[in-house]
Structure formats: structure tokens, C-alpha cells
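Participant: This is the structure, below, for whatever I ask next.
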Amino acid sequence: MQESTARKRKAGFQTQDNGIVDDGKQTDRRQNSSGISKFFPLILLFAAFYALYQYSGPTRRVASRWLSQEGKTPRHLPGWSTSTYIGLEADTPKRDAIVEAFRHAWLAYERDAMGDDEYHPVSHKGSNLTEAGGIGYTVVDSIDSMLLMGLDAEYLRARDWIEHQLSFERDAPFNTFETTIRVLGGLLSAYHHSGGDSLFLKRARELADRMLPVFDTPSGLPHPMVNLQRREGVWAKDDKEFVSTAEASTLQLEFRYLSELTDEDIYWRKAERVMAVLKSARQAPGLASIFMDPREGRFVTSAIRLGSRGDSYYEYLLKQFIQTDRTEDVYREMYEDAVQAIHDHLIQKSLQTGLTYTAELIPERNPRGEISWRLTPKQDFLVCFFAGNLLLSATRAGSLVDDVSVPPRAEELSDVGRRDWTTGIELLRTCMATHDTKTGLAPEIAHFRIPSDNLEVVQGVPGDWYIKGARVGEHPPYDARYMLRPETVESLFIAFRLTGDKRYRDHGWAIFQAIEKHCRVPSGGYATIVNVDDVPVQHEDKMETFFLSETLKYLFLLFSDGDTIPLSKYVFNTEAHPLPIFTPSIRTGFT
Ligand code: DMJ
């Protein structure tokens, strides 16, 4: 049946081909075989095109789109222009300036607090997450940055500490998600980027073995905390017996890669089970509330947002699809389902300049116990990861060809891909707009103007967005801080790699200079600032570990050439640890 259809198609092609070449000179050519040879290259070209069209899925899709939509499809996607296109060559002086900043941060930590989980650059002290002792939060989170930046001496000292000092024999609860993304992810990345130093894999495996009992709940969703010495899952004090959605669903890249490296499927099976539970717990229209109940394996009525406790759920749906070399469609389907709902329910435009932002849905219960959802125009700094995520998904899940061009051509993307690309570019523009403050740094939380906010009368409220509760001369609200977060530079890095457009580097450089000016502590390290709209700034005595693992790494990569950690070969875990893309030997067992 198939064969005869193929033959029929082939015959049809020959007929059509003859029809095309048999124009007004048909009779001559039939009589003169040397005339046919003149058209031989053309025939070959058509035959090649036909073969590709028939037998190669992506080529066929591109060809159909090209044939059917030529003239209708815009040929130019937003987010780049020929006048600012520079390609993916390194900018060495700027890249070196980022490395110098990394050394300024790391050497101060090493001098004052080597081995402690966290660093306080103003008081020159370290501290641990629990009284039971540290688990290498800063050292392990930073070590792959040293490898990528070529900081050999620093790397060897950090490696030595991991070999001789790092201990997971700690009788205290540690956050399951944070331990996975920072420590397990850091060890796995160090293993890969050191060329397979077995020390890192050994420690990664030891840590994961201690963590496996977190999945021992009735549903398989993890406990939010883990006691590493007792090897027990623990409930978090503040969150009843729930786990946040992002925390449950942001363990999979790390556990899957560990299974791939060790040939032990237990790590992957436990983490994969979480995804199966999430899929069957789907709540219409595909958005995830930020808390789940591990006893019952269902969502708990709670806020829906792309910010804290929701963010990396969406990120890891896409990244699991990418990590598995786009062979596991279940993740693409789950991601596309969620992103459609985000477009339908969360994405909004600001009143005056039409900035694209994502709002939050807050559940409210009336006296009869019925729940309604209030749309709140609030966007966390964290949401800025989603701009890059959309650009990545447009060119990976939403592409019609295996390898899209740099910058991508409109016809290489599906309708969904083009939609996501456009939204990603618009959201990135919004994230940049929130850097329009006195320091040039964006606040932890931005609110956008809506007609009912009655803010017209408040002095000093900017046009389209504002920091809620901020008043000149008063103690700044929590929302006003910049805590060295990476999300905007993360998206700038992805946007640059996908377009080669200089403007993303320019924005990244402006952010880096603002960090240098306002967050750099002269005696060493970088500190959180408490109000992005108040100069001179006031420091808070904390340097988050993600400044070393994420913010400076993404900045470094933004100014590196396109062959340094190419997006075609690596997927970044949510803490910016680049893990290799591979075709997995263990297949996902649910659909
Ligand atoms: C990082 O620890 C991770 O990116 C996490 O997913 C949320 N964001 C922080 C940094 O802002």
C-alpha cells in the first residue's frame, strides 16, 4: 500500500516534472536527447528537492510552509536588525572585565569564609545554612564558573576543598530544591567541564543517595527538605505539609544526568515520577498553582505565577525536552500547554507604553467558600528568566527545522514559535525597562499600572510601572532591593546567542557597570542593595551564591564567542550549571 502510494507519488512527480520542462520547446526536446541534457541540472535540483520533501520531516515542513505561505509570512522576526547585527565573536576586553569581577568576589570569600555556605562581604564573614555545618554551597556552586573562565589556580584550591573538606554528614534539614540545583548541579557540571574528574561524580552520587528518601511520600512528590545525615525527607516548618511546585519539578535535569552517567536508573525514575504526577494533576487551563500536596499528589489552591515558587516548573518542562535532544515529546506537550495558558491568562500590556508583562492570579474565597481568581499586575524580577526561555522554546520546540539560523528566519518557526519569539522579545524589553532606576538596576518586584490603582495622584510614581510602597525618605520595602540576581542577564545571553544582535550585549554591559558601581564592595565581594532607586546606595551584608554561579557566568558567556558552551550542545540547569544535551538511554515512561 505504502509502496504503491510512493510509486504513484513518484509517477506524479515525473509527470509534473515533465510538465514543467515540457514548455513550448517540448517537441524539439523529445526529438533531440542532447536538448534534455541541457536541463539535467534543473531536473537534478527538482529530484533532490523532491527527495528531501518526501523523506525528511523538517524539510518537508519548511518546504510546505515556504510554498504555502510565501508572501504571507513576515520574513523578519522582531528582536534584531541588520544595523546592529555583529555575529558571535568574543568581546575580549569586556569578557576579561567580568573575569576580574569574579575574582574580586571569589578571592574575598576565600579570604574571609572559605568553605562556609554563604558570604557576608561587608562584615567579612561567612555563615552556614544550618548549625550542623556547611555543605559547600558557595564553593560547589562556583567551581564550574572557574573552569569556564580559565581560573586554574582558584579552581584547584576549590577542588582541593571539595576533596578534603566537603561533608554531607550533616544532621539538619536542607532545602531539597536548592541542594539539588546548587550542589548536585554544580558537582555534575564540574564533572563534565573538568573532562570527567571522578571526584565530582563520586560526591554527586553520594549526595543524591542521601537525597533519594525525599521521594518517599504517598504520591512520589518530594519532601521540600532533606536531612542529609539521617537520609530522611522532612517537611518545611512554614509551608504545612506541602511542597512548592517549582521545587518539586526542578530536580529532573540533575537526577536524569546522574542516571545517564552512572547507568543507575533509580535517580531518574524517582524524579520522573514527579513529572507523571504533575501531568495527571493538571488543573485547567494548564497553569500551575505554586503549592502541591505530596500526600495526595494534587495542586493546592494557591497563587499562580511565573515568579517565586512557580518559575522553574515552566523552565524545566522546556529544558527536559532540550536535555533529551528533543526526543521526549511529552515535555514539549506539557510546556506548550502551559505556555498557551500563560498567553491566554497571564500576559498583559502596560497602560501607557504597552510593555508586555506577566500578571499573577491570586485565589480569593468568598463567604460561601467559592473561589475566584484576582489578576494582580505584579511581576517578580525572577520572571525575567521567561523571556530567554520563550526565545529558546521558539527556536527549539517551535522550530520547523533542526537548526535555526542566527538570527532565526520567520519561516523556520511554527506559528507557536513565532508567537513565543515575539513575546520573549517583548518581555525582555520590559525587563530592561525595569532597569530604568537611579542605579540602573531593577527591583525585586515591579507593579504595573492598571486603571483601578488610583495612583495618578501619588507623586513620583513613574509612567508605567512602580515599586509598591516605596516613599522618598522612608525605609524601602522588600520589593525595592536588587540582590545580585541573574534573570535579566540570563535572557540577554540567550537573546544574543540566538540573534548576534549587539543591543543585548550593550544592555548586559550597562547592567554589569551598574553592579560594579553600586554593588561592589571595595575590600572584596559584592553586596545586595536595599533600594535600586536611592543613590548613594545602602548595602545589605549578603552576597548570594548565584551571583558567582549565574550572574557572572551569564555575563561572561554573553561576551564570549558562540563556541563557548553552545546552546546546541548544552542545557543550563536553573542555577546556570551547563549540562550536556544527550540522547538518553533511559526513556521517559509516561505520556
Ligand atoms: C536561582 O537560585 C535559581 O535560578 C532559581 O531557579 C531561582 N532564582 C535564583 C536566582 O535568582
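Values quoted throughout were computed directly from the atomic coordinates according to the rules given, and no laboratory measurement underlies them. In this text, all values refer to a predicted model and were calculated from it rather than measured experimentally. Cβ coordinates were reconstructed from backbone atoms using ideal geometry, including for glycine residues, and neighbour counts include every protein chain displayed.
Participant: Using a basic spin-label model with each label point 7 Å from the Cα along Cα→Cβ, how many nm lie between SER585 and LYS517?
Facilitator: Placing both labels 7 Å along Cα→Cβ, they lie 5.4 nm apart.
Participant: In the chain, what cysteines have no partner Cβ closer than 4.7 Å?
Facilitator: Cysteines of the chain left without a disulfide-compatible partner: CYS519.
Participant: Just order 568-577, 330-339, 197-206 by mean Cβ neighbour count inside 10 Å, highest at the front, would you?
Facilitator: 568-577, 330-339, 197-206
Participant: Give the angle, between 0 and 90 degrees and rounded to the nearest 10, that separates the Cα long axis of helix 502-518 from the longest principal axis of the Cα atoms of the chain.
Facilitator: 0
Participant: Hey, another quick one. Are there GluC sites (Glu not before Pro) in region 353-406 that DSSP marks as loop and that have at most 15 other Cβ atoms within 10 Å, and which are they?
Facilitator: Here the sparse-neighbourhood loop sites are GLU370.
Participant: Moving on. Output needed: percent of Cα pairs per 20 Å distance bin for region 70-578, bins running from 0 to the one holding the longest distance.
Facilitator: Each 20 Å bin holds this share of Cα pairs: 23, 59, 18, 0.
Participant: Further question: List, in the order given, every pair from LYS237/LYS553; LYS349/LYS502; LYS438/LYS542 whose Cα-Cα distance in the structure shown is over 24 Å.
Facilitator: Too far apart for the 24 Å limit: LYS237/LYS553; LYS349/LYS502.
Participant: Mind pulling the angle between the C-alpha long axis of helix 487-499 and the longest principal axis of the chain? Nearest 10 degrees, somewhere in 0 to 90.
Facilitator: 20
Participant: If you plug each phi of region 227-234 into the Karplus form 6.51 cos²θ - 1.76 cosθ + 1.60 with θ = phi - 60°, what whole-Hz ³J(HN,Hα) values come out, in order, with x for Gly and Pro?
Facilitator: Once rounded to whole Hz, the list reads 8, 6, 6, 7, 6, 9, x, 9.
Participant: How high is the relative contact order of region 139-276, in percent, counting Cα pairs under 8 Å that sit 6 or more residues apart?
Facilitator: Normalised by residue count, the contact order of region 139-276 is 23 percent.
Participant: Can you tell me the relative contact order of the chain? Whole percent, Cα pairs under 8 Å, sequence separation 6 or more.
Facilitator: RCO, the chain: 17 percent.
Participant: Also, I was wondering about something else. List the residues whose amide H sits under 5 Å from the amide H of TYR570, counting only those 5 or more places along or on another chain, with H placed 1.01 Å from N in the peptide plane.
Facilitator: Here ILE581 satisfy the definition.
Participant: To the nearest 0.05, what FRET efficiency results for LYS438 and GLN340 with a Förster distance of 41 Å applied to their C-beta separation?
Facilitator: So, using R0 = 41 Å, E works out to roughly 0.60.
Participant: Per residue of region 258-263, what does 6.51 cos²θ - 1.76 cosθ + 1.60 with θ = phi - 60° give for ³J(HN,Hα)? Whole Hz please, x for Gly and Pro, Karplus curve as stated.
Facilitator: Those phi angles translate into 4, 4, 4, 6, 9, 6 Hz.
Participant: Quick check on the exposure proxy: order MET543, MET483 from fewest to most C-beta atoms within 10 angstrom.
Facilitator: MET483, MET543
Participant: Here is a further query. What is the fewest-to-most order of LEU579, LEU129 by other Cβ atoms lying within 10 Å of their Cβ?
Facilitator: LEU129, LEU579
Participant: Tell me, ILE445, ILE266 in order of fewest to most beta-carbon neighbours within 10 Å?
Facilitator: In increasing order of surrounding Cβ atoms, one gets ILE266, ILE445.
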